[in-house]
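These notes concern the structure reproduced below.
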Amino acid sequence: MTTTQSDSTVAAAQVRDRHPLALALFALSAVSGLIDAVSYLGLGHVFTANMTGNVVVVAFALVGTPGFSIAGSLTSLAAFLLGSVLAGRLALRHRDSRRERWLRTALLAETALQAAATAIAFTASGRAQQEALIALLAVAMGLRNGTVRKLGVPDLTTTVLTLTLTGLAADSSLAGGANPRLGRRLYAVLAMLAGAAPGAALVIHGHLGWALLAGTVLVAAIAVGYRERD
């Protein structure tokens, strides 16, 4: 499933850093940083893109740690899993399609979910708003993560950096390695930082809705503009 969408596209394992797919995934990594800044700082210390962090947050909430919500964390986990199921179904539906069409469809679905979250952020308030935002964003991130996993481009998951950072260190010259994909790994880290920093700045200054709008516009632009060379 990973590389069978079109014989005319570069296989995922051979995608270089300047390939349109890699560039799109770098941009999506920035969106993930922004979304987790919004969810963690603005929605009760819940992650909606980084499920490793969210599992730990659930543990914090279970033992009554102040500032963490078991309901919000479980909502995020369940919604993320739903999004991942949808990603699998979408990949199956597009198994004979071009990769470009498949990815664009997934990104447009993510755009719609983020747009709905943005609308709620600007028009509602209170606990119901918070839970709705967590659910919508986590479904969007599950859909994205499931799709990117199926794409199988090395070191570009767009939502987590643990394996990327591990590879950066374990494959480095310090560890006796040859620094494979050094640039890609660094770009992925920088992209997430580039999204998280402005996202955090907007949230702490009371502009959560605008942060979500920025993420929605960026994903929409990637979806509309994405093209692969034959």
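With a ≥ b ≥ c taken as the square roots of the eigenvalues of the C-alpha gyration tensor of region 102-170, please select rounded if a/c is under 1.5 and otherwise prolate if a/b is larger than b/c or oblate if it is not? Please list the in-between numbers first.
Values: a/c = 3.84, a/b = 1.83, b/c = 2.09.
Oblate, because a/c is 1.5 or more while a/b does not exceed b/c.
Determine, from the Cβ-Cβ distance of Leu23 and Leu193 and an R0 of 25 Å, the FRET efficiency 1/(1 + (r/R0)^6), rounded to the nearest 0.05.
Given R0 = 25 Å and the Cβ-Cβ separation, E is 0.90.
What FRET efficiency comes out for Arg127 versus Leu62 if R0 is 25 angstrom and r is the Cβ-Cβ distance? Round to the nearest 0.05.
Calculated transfer efficiency: 0.80.
Could you tell me which label, among (i) 1.01; (ii) 0.93; (iii) 1.23, carries the value of Cα Rg over 2.2 N^0.38 Å calculated for this structure?
Looking at Cα Rg over 2.2 N^0.38 Å for this model, the match is (i).
Report relative contact order for the chain in percent, whole number only (criteria: Cα-Cα under 8 Å, sequence separation at least 6).
So the answer I get is 36 percent.
Could you tell me which helices of the chain pass both thresholds, a Cα extent of 15 Å or more along their own axis and a mean Kyte-Doolittle hydropathy of at least -1.0, with helices taken as whole DSSP H runs?
Span-like helices in the chain: 20-42, 51-62, 70-93, 99-123, 126-151, 182-204, 208-225.
If I stretch the segment between Gln14 and Ala112 completely, what's the gain in nm (0.36 nm per residue apart, minus their alpha carbon distance), one decimal?
Gain in length upon complete extension: 32.2 nm.
How high is the relative contact order of region 142-188, given as a whole-number percent (alpha carbon pairs under 8 Å, six or more residues apart)? The partial results should precede the final answer.
Numbers: 34 pairs, mean separation 14.9, N = 47.
Rounded, it is 32 percent for region 142-188.
Could you put His19, His207 in order of accessible surface area, largest first, with the 1.4 Å probe and the full protein assembly present?
Sorted descending by solvent-accessible area, the residues read His207, His19.
I'd like the FRET efficiency for Val217 and Arg101, computed as 1/(1 + (r/R0)^6) with the beta carbon distance as r and R0 of 30 Å, rounded to 0.05.
On the way: r = 22 Å, r/R0 = 0.73.
FRET efficiency, Val217 to Arg101: 0.85.
The values are calculated or read from the model by the stated rules, or taken from the named source; none is laboratory data. A quick note: this is a predicted structure, and the numbers were derived from the prediction, not measured. Every residue, glycine as well, gets a Cβ built from its backbone with ideal geometry; the counts of neighbours run over all protein chains shown. With ligands, DNA and RNA removed, areas are computed over all heavy atoms of the protein, side chains included. Shrake-Rupley method; radii C 1.70, N 1.55, O 1.52, S 1.80 Å.
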